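The values are calculated or read from the model by the stated rules, or taken from the named source; none is laboratory data. Since the model is a prediction, treat every value here as computed from it, not as a measurement. A quick note on method: Cβ atoms are made from the backbone with ideal geometry, for glycine too, and the neighbour counts reach across all protein chains shown.
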Amino acid sequence: MTRFLIVEDHPLFREALEGALRMVAPEAEILQATSVDGALEQLAAGAELDLLLLDLSMPGTTGLSGIIRIRKAFPKVPVVIVSAHQDPSIISGALSLGVSGYILKSSSKQDLAQSIGEALRGLVCVPNAYRALRPRRAPGPAHDLLKRLHDLTPQQLRVLEMLKRGLQNKQIAYELKISETTVKVHVSDILRKLNVLSRTKAIVEMSKIDFATLASEGMRVKHDRAQSE
């Protein structure tokens with residue numbers, strides 16, 4: 001049986017995605033998660049997926065950090081981004097991480113279904129206007145930073161994400177249920193792998209790949225969609 005996982009915190013859009021998935025595979029099993037952490041929990045529990053559909057902007061994650069965490073922990077799981085964001089640099093950055101496609105939320109249900117079908121057949125689905133981005137990779141410094149981020153362990157990516165949120169070592173230790181000493185070790189390793197000298201610089205580097213405006217823009221887009229629907 002075909003199995004999908006929708007990772008999206010907006011209930012109306014989860015429903016729209018489920019409708020599109022039913023058009024592609026009527027008998028499929030469709031799992032749902034409202035956060036990257038929730039998706040990772042389901043994957044860690046042994047959920048075998050044919051496709052994971054991921055929103056970029058959800059509570060606790062911004063930009064490409066969610067993709068990086070999932071790809072790092074479960075590199076064989078095919079991931080398709082379903083996002084409202086149309087910036088070519090964002091799409092190119094996502095493709096550079098090996099995702100199976102990038103679908104715009106503004107797509108019709110029929111277009112959503114067609115793109116999902118392409119991804120299931122092993123093709124990289126990209127909106128027509130962005131098909132020239134398919135073979136591209138994030139250029140120059142951005143590509144180097146992506147490689148450095150990929151060297152981080154899943155736990156280090158979580159710590160880095162929390163650093164970006166402004167959490168201190170004690171707070172990170174509480175959230176991850178680890179000791180402050182372990183957090184300090186993770187932070188030291190993160191700084192070394194990112195080749196930076198301070199937490200502040202690590203946050204600045206992360207912002208280059210996270211596209212800081214995504215979080216606020218994503219929530220605004222979701223609010224507008226909810227108001228219109």
inquiry  = Against the definition (surrounded by fewer than 19 Cβ atoms within 10 Å (Cβ to Cβ), in a loop (DSSP other than H, G, I, E, B), of a type in the set (D, E, K, R) and at pLDDT below 85), how does Arg137 come out, yes or no?
reply    = yes
remark   = Out of (1) modelled with pLDDT under 90; (2) surrounded by fewer than 17 Cβ atoms within 10 Å (Cβ to Cβ); (3) of a type in the set (Val, Ile, Thr), the one Ile68 does not meet is (2)
When residues of region 71-114 are limited to those that are of a type in the set (Ser, Thr, Tyr) and not in a loop (DSSP other than H, G, I, E, B), the one surrounded by the fewest Cβ atoms within 10 Å (Cβ to Cβ) = Ser89
message = I'd like to check something: does region 101-116 contain any residue that is among the β-branched types (Val, Ile, Thr) and under 18 Å from Arg14 (Cα atoms)?
response = yes
note = Among residues of region 1-26 being of a type outside the set (D, E, K, R) and assigned to a loop (DSSP other than H, G, I, E, B), the residue nearest to the chain's Cα centre (by Cα) is His10
task = Taking Leu54 as the residue in question, decide whether it is assigned by TED's automatic domain parsing to the domain that holds Val99, in contact with a helix residue (DSSP H, G or I) (Cβ under 8 Å, 6 or more places away or on another chain), within 21 Å of Val124 (Cβ to Cβ) and modelled with pLDDT of 90 or more.
result = yes
key: Candidate set: region 30-41, residues that are under 11 Å from Ile70 (Cβ atoms) and either among the charged types (D, E, K, R) or over 12 Å from the mean Cα position of the chain (by Cα) (or both); chosen: the one surrounded by the most Cβ atoms within 10 Å (Cβ to Cβ)   = Ala33
